[in-house]
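Since the structure comes first, as structure tokens, the remarks are kept for the end.
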């Protein structure tokens, strides 16, 4: 795994790990620590941090958060909410792409959408079911559009996407 360092992040956090801690801090702010730790623990990429998040003992994760609480506040002030939101959206996209890396089928919504795909699937049938669901919603609600995008396929996990004709 390639780790990308975060120049504005403390210690040896990668940008990915830092954004996981940022998201976790937002959950704590909205839900409280116990609920956030139980339902939204950070999914760090570095094994040492991941071990802290997965530990059955909640104290190490709480200490990690508390040790970096001031740095999180300073990061928010330095970064600004607009840039923090942009980084969060990028992080969510990367996280989804990591989860989807082994999937071989995808749909692209079309037009000038800037990402490689909208949703990834394990089979062509699952992708076609998703397209059918979108078309059913469009028939039911006039303000929704039917699927006008593209079907994508790759021959190996993590490979390049190629457009294939819709069956």
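The values are calculated or read from the model by the stated rules, or taken from the named source; none is laboratory data. On a predicted model such as this, the values are computed, not experimentally measured, just so you know. In this analysis, Cβ positions are derived from the backbone assuming ideal geometry, glycine residues included, and neighbour counts consider all displayed protein chains.
Report the residue count in the range 139-162 for those that are within 15 Å of residue 106 (Cβ to Cβ) and either assigned to a loop (DSSP other than H, G, I, E, B) or free of Cβ contacts under 8 Å to residues at least 40 places away in the same chain (or both).
The number of residues fulfilling the criteria is 11.
Only one of these is out of contact with any strand residue (DSSP E or B) (no Cβ under 7 Å at 6 or more places or on another chain), assigned by TED's automatic domain parsing to the domain that holds residue 22 and free of Cβ contacts under 8 Å to residues at least 24 places away in the same chain: 82, 129, 136. Name it.
Answer to the selection: 82.
Tell me which residues, restricted to the range 110-126, are more than 16 Å from residue 165 (Cβ to Cβ) and either touching a strand residue (DSSP E or B) at 6+ places or on another chain (Cβ under 7 Å) or modelled with pLDDT of 90 or more (or both).
Scanning the range 110-126 gives 117, 118, 119, 120, 121, 122, 123, 126.
For the range 16-24, indicate whether the set of residues that are without any contact (Cβ under 8 Å) to a residue 12 or more places away in the chain and out of contact with any strand residue (DSSP E or B) (no Cβ under 6 Å at 6 or more places or on another chain) is non-empty.
Within the range 16-24, not a single residue is without any contact (Cβ under 8 Å) to a residue 12 or more places away in the chain and out of contact with any strand residue (DSSP E or B) (no Cβ under 6 Å at 6 or more places or on another chain).
Residue 58 fails exactly one of the following numbered conditions: (1) farther than 24 Å from residue 97 by Cβ; (2) out of contact with any helix residue (DSSP H, G or I) (no Cβ under 6 Å at 6 or more places or on another chain); (3) surrounded by fewer than 19 Cβ atoms within 10 Å (Cβ to Cβ). What is the number of that condition?
If we test residue 58 against (1) farther than 24 Å from residue 97 by Cβ; (2) out of contact with any helix residue (DSSP H, G or I) (no Cβ under 6 Å at 6 or more places or on another chain); (3) surrounded by fewer than 19 Cβ atoms within 10 Å (Cβ to Cβ), just (2) comes out false.
Look through 73, 69, 38 and report the one residue that is outside the structural domain of residue 158 (by TED's automatic domain parsing), in contact (Cβ under 8 Å) with a residue 40 or more places away in the chain and farther than 26 Å from residue 115 by Cβ.
So the residue among 73, 69, 38 that is outside the structural domain of residue 158 (by TED's automatic domain parsing), in contact (Cβ under 8 Å) with a residue 40 or more places away in the chain and farther than 26 Å from residue 115 by Cβ is 69.
Given the conditions (1) under 11 Å from the mean Cα position of the chain (by Cα); (2) surrounded by fewer than 14 Cβ atoms within 10 Å (Cβ to Cβ); (3) closer than 19 Å to residue 164 by Cα, and given that residue 89 satisfies all but one, which numbered condition is not satisfied?
Only one criterion in (1) under 11 Å from the mean Cα position of the chain (by Cα); (2) surrounded by fewer than 14 Cβ atoms within 10 Å (Cβ to Cβ); (3) closer than 19 Å to residue 164 by Cα is unmet by residue 89, namely (3).
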